[in-house]
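Step one of this worksheet: look at the structure below.
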Amino acid sequence: MEESLAPSVIIEPHTVDTSEAVTELRHPFLRSLKELALDLLHDWVAMIGLIGLVVLLVMAVTAPHISPYDPAKQSLRDRFVPPSWMEGGSPEHFLGTDSLGRDLFSRLIFGARVSLTIGFITLAVTATFGTFIGVISGYYGGTLDEILMRWVDIQTAFPGLLVAITIIAMIGPSVENLILVLAINGWLIFARIARGMTLSLREQVFVRAARVAGCRDRRIIIVHILPNLISPLLTISVMELARFILAEAALSYLGLGIQPPDSSWGLILAQGRDYLVNAWWVVTFPGVVIAMTVLFINMVAGWLRSVSDPHQRFKLRNS
Amino acid sequence: MSAYLARRLFYSIAVVVGVSVAVFLITHQLGDPVRMLLPLEASEEQYQAARQQLGFNDPILVQFARFSVDAVRGDFGDSLWMDAPALPLVLERLPATFLLAGTSIIIALVLAVPLGIIAALKPRSLLDHVASLTALLGLSIADFWLGLMLIFIFPVSLGLFYTSGYGTWEHLVLPAVTLAARPLGRISQIVRSSVLDELDKNYVTAARARGLSEQATLLGHALRNAAIPIVTLTGFELTRLLAGFTVVVEAVFGWPGVGLLAVDAIERQDLPLLQADVFVVAMIVVVINLLIDLLYGALDPRIRY
Amino acid sequence: MRKLAILFSVILAGALLLTVSPLMAQDSSITVAIGGDPTTLDPQAADDGNERAVNDNIYETLLTRDASMALVPLLAESYEQLDDTTWQFTLKSGISFTNGEPMNAEAVAFSINRNIDPEFNSEQLSFFETITGASVVDELTVSLTTNGPDPILPARMYWLKIVPPVAAQAEGFAENPVGTGPYKFVSWARGQQIELEANAEYWGGAPSISRVVIRPIPEESTRLAALQAGEVDFVRDLIPEQIDQAPVVKHIPGLEFPIVRINNKDGILADVRIRQAINYAVDKEAIAEALYAGYAVVAQGQVLNSSHFGFNPDVQAYPYDPDMARQLLAEAGYNGEPIQFVGEAGRWLKDRELIEVVAAMLTDAGFTVDVQILEWSNYLDLLFAQENQPAMIFVAHDNTLFDADRTFSGYYSCEGRVSSYCNEEVTQLINDGRTETDGAVREGMYHSVVELSREDGAFLFLVNLENIYGLSERLEWEPRQDGKILFAQMTLK
């Protein structure tokens, strides 16, 4: 058992110069911007992702200027107009109209504002908080770990919908409160992943050595633990972003989130649910933009992952 | 080890009690369950009589004491809304939930692990891009959309499997596949990134240099070291499925699981039913997370608690 | 050769038997999809459409309604009103429950007293609040007393199911229904299915379909798919847009009225001109024709349709006239003060969309509307609030007693539990009508209520929805206006 594991304890994964296991490592994110840009140029996948994201963000920011119609403008006589390239479609409505005759393309452009805001802010809050709790829990262990993780258990077992209903009943529905509700339920997975990996990392030779060498805990966590968590946490972040965007819809639909006439991608999707049979486009296009956002984010995350890992980076630059 | 388990048991009881108390307090902050029970046209007298009858006019401490005493005996009372003992209502739906969640996680794991490994072995190859794209679509797709699409493709157009219902394996296929999409996407992504990380560490290079075959290297070291995030995420996904995140799939496929029951209990503020559900879910969470922690120890013997 | 022929014919006959017999058994058996699992199968405990879909076929009532919704005796042979507060029902003889208990005066009196017992705490109590008790006169005669003159007592008897006293007091009655009706309960696997079989000894003659399986399928699209795939023969509550996909569709004007309740007691909407402007501003035709795809009709200035006693045929809907709305707003001096409009989502057909449509139409006519879609429990708090009532709140009402009193008492009266409309004259008429025993006088009062409240803009009157059912090709059935699904009225082609 010990024998087979031996290689994994010899070398610290993130030390560039492997002969100095305990030497300080310059944080990957602190490299010069020029180098990062160079990386990006070498990585066409990341470029596509970044461009895609920028397009989405620009779309969200400039929505009132680029949207062909007022997204709330209804026309009951023009319900379910198919996308323009389909039979019965109209060039006036590129992606068709929804059940109230509203222009789907305009609604998606405006919906990007709500969905992206909620998705990214919730992600930032949950990833930071969850990782913090997880690392503390895993690093210090013992009773602190037990208490923090049982807190996570309590929250996991507690019905999220009940939390949402209670909180919104007390403070009212709004975008900020929606983010709060999503964040309350969203940090758990970050904590569990960070804690699980920290449990293992803190027993690795390089961490023990650092401790023996007198490094303070905070330094060990920042220099030796966190860099090793970046890759899995980035992966989790991408998937949680998708989950937050979809979860927002469920809450908003029930009246726990954004209010009409505002809308979001998820809410458009949820409201089209009953019409999948006769108007597939109302449900499908919001699904497509959500998937595309996740895809772009993942492409960028792949690049972030590789620049945070010197070995992968090296391979990339020379491939 | 047994000391650890004993300690863990103590904390687990604390978790279950903590959840129950929290649910009790929170639901009492909310609106009025009696209102949700009665038809909109019910009179004020009827409403007051029902409140009295159900004990909602007692002080909250009295209600809490009554609840605690009964709950310790395993009696959560009768569901306000279904007029039947609450715990059996939850327990009789557990097999369907376990079957669905278990099958989905197995489908997800069986596909996600090879998919993730293949993608990690040849990063940035066409294969990797296709695998990642599939995974990302899986995790960002709305489950009702996938479910309804499968229904219209298989039973309606091709006459395969069933649109809804419970009983045979043919009833299970579509809901399980629908429910597997998200964990499949999520697990395969974490497998890919974790294995990739491990492969890039020098020790694997070192192992390669020592002449082990590539496969043995992979399985022996990389996967084992990559296992912690994979196990964590898989456990978390399973917990979520068992805790009622199956609700949309239950509604779409008419599957008799606990998810719909729990949502109804919340929306109707059916406290006894909600308590019974949360009690069962808390037990599941506690057991799964204990198993995960024990698995950590087996995967990495250096981990001590 | 002959031997061979005999052998051959035996084999053939056997094969025929094998193939035919399961087919025959299957032929008189149908599967029905409803929207959810019943909460209970006690016919007197819940106010639950899924429970009724099952128990309407197992249990019977003293009176029923024929296809034209006229009240006719069912378990009763006849009934008469002895004085203002006493009614006497004579029962049909020779009927028994499927467990052997006799359906007699004792059973009927027990059923009535059980349903109104405060200890029993029935959700149906609001149907029977006037009843003070029932007693046995003789084996087949029951007398019933009310707390005052109650002209609609017979209509109430259509909702009170008669239960067998012994079985109803036994443990587990809520999971083992026993009635006098055309179907017998076989089994219930919660969340999965309920099985009924024909009651061969049914006093009205055994029904044509021998076995019915009832399955809960919450998702409308899946119900349709199950029908298309041939898994079920009957589904209720199809979405209007989906009906061209169903093999056979039946629809009928139903009882459900989505309305917007207007608070005339305080705030901006205390001005009748603004309430009228709201009614002029909304295009009811477009809502019925487009949003409900033609499966709704415009409500005629009242929350009643022609099947309700008290419906006023001379009153008509407000025409769609946004200019008139603007003019009224100008006269009233409205300056864009925001008007609260509360709603919910997911409880009634297209509720969220209807709220968005109404809000947009009001906005177009110059109103400033503050839409608040609330989660159900918060919504109910506002719906039932007696202080600080919302200016406008969306609600759907269905009057299954077929008498305007139920609608008026709840929504039109100053004292109504879900009312935010107060007009002393209207309330007086409602209170007088409740105890008026002369039908013509009572009807006149109700016509006045409708007229006054319509002019008063008591509500934003919208539409009356139709009930839409999907059937398989082999099933024959005609829908009923009261929304009851009676399997005994179904046949297979």
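Before moving on, here are some points about what is shown:
Residue-wise test of (1) closer than 25 Å to A:V277 by Cβ; (2) without any contact (Cβ under 8 Å) to a residue 60 or more places away in the chain; (3) among the β-branched types (V, I, T).
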residue	(1), (2), (3)
C:G191	yes, no, no
C:A200	no, yes, no
C:S210	no, no, no
C:K250	yes, no, no
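Here is a yes/no grid of residues against (1) of a type outside the set (V, I, T); (2) surrounded by 16 or more Cβ atoms within 10 Å (Cβ to Cβ); (3) assigned by TED's automatic domain parsing to the domain that holds C:D283; (4) within 25 Å of C:A281 (Cβ to Cβ):
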{"position": "C:V426", "(1), (2), (3), (4)": "no, yes, yes, yes"}
{"position": "C:T437", "(1), (2), (3), (4)": "no, no, yes, no"}
{"position": "C:S453", "(1), (2), (3), (4)": "yes, yes, yes, yes"}
{"position": "C:E476", "(1), (2), (3), (4)": "yes, no, no, no"}
{"position": "C:P479", "(1), (2), (3), (4)": "yes, yes, no, no"}
{"position": "C:D482", "(1), (2), (3), (4)": "yes, yes, no, no"}
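- Pairing each residue of segment B:69-86 that is in contact (Cβ under 8 Å) with a residue 40 or more places away in the chain and within 14 Å of another protein chain (Cβ to nearest Cβ) with any residue that is of a type in the set (S, T, Y) and assigned to a loop (DSSP other than H, G, I, E, B), provided the two are 6+ apart or on different chains, yields C-beta distances under 8 Å for B:W81/C:T39; B:M82/C:T39; B:M82/C:T40; B:A86/B:S79.
Matching residues to (1) among the hydroxyl-bearing types (S, T, Y); (2) crowded, with 17+ Cβ neighbours inside 10 Å; (3) farther than 27 Å from C:I485 by Cβ; (4) at pLDDT 95 or above:
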{"position": "C:I58", "(1), (2), (3), (4)": "no, yes, no, yes"}
{"position": "C:L62", "(1), (2), (3), (4)": "no, yes, no, yes"}
{"position": "C:A67", "(1), (2), (3), (4)": "no, no, no, no"}
{"position": "C:T86", "(1), (2), (3), (4)": "yes, no, yes, yes"}
{"position": "C:I112", "(1), (2), (3), (4)": "no, yes, no, yes"}
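- Only one entry in C:E241, C:E289 is over 21 Å from C:L328 (Cα atoms) and outside the structural domain of C:P390 (by TED's automatic domain parsing), namely C:E241.
- Selection within segment A:142-188 - part of a helix (DSSP H, G or I) and aromatic (F, W, Y): A:W151
- Boolean, C:L452 is within 23 Å of the chain's Cα centre (by Cα) and not basic (K, R): no
- Residues of segment C:348-393 that turn out to be within 20 Å of C:A325 (Cα to Cα) and in contact (Cβ under 8 Å) with a residue 24 or more places away in the chain, as a count: 17
- In the set A:I66, A:I48, A:I118, only one residue is open to solvent by less than 30 Å² (accessible area, probe 1.4 Å) and touching a helix residue (DSSP H, G or I) at 6+ places or on another chain (Cβ under 7 Å); that residue is A:I118.
- Criterion applied to B:G77, B:G102, B:G147 was being under 19 Å from B:V247 (Cα atoms), touching an Asp or Glu at 6+ places or on another chain (Cβ under 9 Å) and not basic (K, R), and the one residue passing it is B:G147.
- Look at (1) surrounded by fewer than 20 Cβ atoms within 10 Å (Cβ to Cβ); (2) closer than 17 Å to C:W203 by Cβ and you find that C:P182 fails only one, number (1).
- Test: C:N399 is modelled with pLDDT under 95, surrounded by 23 or more Cβ atoms within 10 Å (Cβ to Cβ) and more than 30 Å from C:Y202 (Cβ to Cβ): yes
- Residue under evaluation A:G255, criteria (1) more than 10 Å from chain B (Cβ to nearest Cβ); (2) crowded, with 22+ Cβ neighbours inside 10 Å; (3) at pLDDT 90 or above, criterion not met: (3)
- Here C:D314 meets the list (1) surrounded by fewer than 20 Cβ atoms within 10 Å (Cβ to Cβ); (2) part of a loop (DSSP other than H, G, I, E, B); (3) touching a strand residue (DSSP E or B) at 6+ places or on another chain (Cβ under 6 Å) almost entirely, failing just condition (3).
- Complete set of residues in segment C:330-385 that are polar (S, T, N, Q) and within 12 Å of chain B (Cβ to nearest Cβ): C:S377, C:N378
Table: residues versus (1) touching a strand residue (DSSP E or B) at 6+ places or on another chain (Cβ under 6 Å); (2) within 27 Å of C:T64 (Cβ to Cβ); (3) not acidic (D, E).
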| position | (1), (2), (3) |
| --- | --- |
| C:C414 | no, no, yes |
| C:R417 | no, no, yes |
| C:E425 | no, no, no |
| C:T437 | no, yes, yes |
| C:E455 | no, no, no |
| C:L465 | yes, yes, yes |
| C:E476 | yes, yes, no |
| C:I485 | no, yes, yes |
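- Qualifying position, being without any contact (Cβ under 8 Å) to a residue 40 or more places away in the chain and more than 10 Å from every other protein chain (Cβ to nearest Cβ), among B:A42, B:A22, B:A49, B:A3: B:A3
- Check on C:S96, open to solvent by 10 Å² or more (accessible area, probe 1.4 Å), hydroxyl-bearing (S, T, Y) and within 25 Å of the chain's Cα centre (by Cα): no
- Checked against the criterion of being assigned to a loop (DSSP other than H, G, I, E, B) and open to solvent by 50 Å² or more (accessible area, probe 1.4 Å), segment C:289-308 contains one or more residues that satisfy it.
- The listed residue being more than 9 Å from every other protein chain (Cβ to nearest Cβ), within 30 Å of B:L271 (Cβ to Cβ) and at pLDDT 90 or above, out of A:I189, A:I147, A:I184: A:I184
- Checklist (1) part of a loop (DSSP other than H, G, I, E, B); (2) surrounded by fewer than 21 Cβ atoms within 10 Å (Cβ to Cβ); (3) without any contact (Cβ under 8 Å) to a residue 40 or more places away in the chain applied to C:A345, failing item: (2)
- Residue under evaluation B:G297, criteria (1) more than 14 Å from chain C (Cβ to nearest Cβ); (2) out of contact with any Phe, Trp or Tyr (no Cβ under 8 Å at 6 or more places or on another chain), criterion not met: (2)
Per-residue answers, yes or no, for (1) within 8 Å of chain B (Cβ to nearest Cβ); (2) modelled with pLDDT of 90 or more:
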residue: A:V277; (1), (2): yes, no
residue: A:W280; (1), (2): no, yes
residue: A:A291; (1), (2): yes, yes
residue: A:V294; (1), (2): yes, yes
residue: A:W303; (1), (2): no, no
residue: A:S306; (1), (2): no, no
residue: A:P310; (1), (2): no, no
residue: A:R313; (1), (2): no, no
residue: A:R317; (1), (2): no, no
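- Test for B:L290: is it away from chain C (no Cβ under 14 Å), open to solvent by 20 Å² or more (accessible area, probe 1.4 Å) and assigned to a helix (DSSP H, G or I): yes
The values are calculated or read from the model by the stated rules, or taken from the named source; none is laboratory data. Keep in mind that what you see is a predicted model, and the values were worked out from it rather than measured. Here Cβ is always computed from backbone atoms with ideal geometry, including for glycine, and neighbour counts include all displayed protein chains. Calculation scope for accessible area: heavy atoms of the full protein, side chains included, ligands and nucleic acids excluded. Shrake-Rupley method; radii C 1.70, N 1.55, O 1.52, S 1.80 Å.
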